Amino acid sequence: MLEGFTYVAGHRRVRILLLLFMVVGIFGWSYSVLLPAYAADILRVGEESYSALLSANGLGALLGALTVATYGKRLRPRLMVLGGLWLFSAMLILLAFRPFLPAGAGLHGHGRMGHAALLLDHNTLIQTSVSDEMRGRVMGIWALVSGA
């Protein structure tokens, strides 16, 4: 593992990608833990409406994966990562100011779409930026950073 950390420290692109994903993991992805409280206390909805929010999450992830599969070869990976990050962040901010269930479900789905695009292209960028002999060690650090 020490070799992996040394490798990451010496490669700027990989280091920046891992730091970016760590920030997203700490400040962004934790919203899913708070979603039940958001549904109950802010939206004031029950289990059925909460399940609609989770369904929007799944639909957004599916659309994000399909977007990456469709446009992944046509668009630069950096654009997909930054676009997904922007969409995910913007939707979380809007979700905080829009306590209305249909809008919340739509924003939640779009945010998850951006997160899926960010995650998929981010993972691809790291794996293609690392030498074959160090890929397992660096992906171990990626798993540590992402909380997987």
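The values are calculated or read from the model by the stated rules, or taken from the named source; none is laboratory data. Just so it is clear, the model here is predicted, and its values are computed rather than measured. Glycine gets a Cβ as well: all are built from the backbone with ideal geometry, and neighbour counts include every protein chain shown.
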In the set R74, R112, which member is of a type in the set (K, R) and surrounded by fewer than 22 Cβ atoms within 10 Å (Cβ to Cβ)?
-> R74
For L17, all conditions in the list (1) assigned to a loop (DSSP other than H, G, I, E, B); (2) at negative phi; (3) at pLDDT 85 or above hold save one; what is the number of the exception?
-> (1)
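Residues in the range 20-34: is at least one over 30 Å from T128 (Cα atoms) and of a type in the set (A, V, I, L, M, F, W, C)? Talk me through it step by step, then tell me what you get.
The initial filter retains those residues of the range 20-34 that are over 30 Å from T128 (Cα atoms), namely 33-34.
Those left that are additionally of a type in the set (A, V, I, L, M, F, W, C): 33-34.
Yes: one or more hits.
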Please tell me if V145 is surrounded by 14 or more Cβ atoms within 10 Å (Cβ to Cβ), modelled with pLDDT under 85 and part of a helix (DSSP H, G or I).
-> yes
Report whether or not G104 is part of a helix (DSSP H, G or I), at pLDDT below 90 and in contact with a helix residue (DSSP H, G or I) (Cβ under 7 Å, 6 or more places away or on another chain).
-> yes
Residue count, the range 58-101, condition part of a helix (DSSP H, G or I) and either more than 30 Å from R13 (Cα to Cα) or in contact with a strand residue (DSSP E or B) (Cβ under 8 Å, 6 or more places away or on another chain) (or both), comes to 7
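I'd like to verify a number: residues in the range 88-101 that are aromatic (F, W, Y) and modelled with pLDDT under 90, how many?
Summing the residues that are aromatic (F, W, Y) and modelled with pLDDT under 90 in the range 88-101 gives 2.
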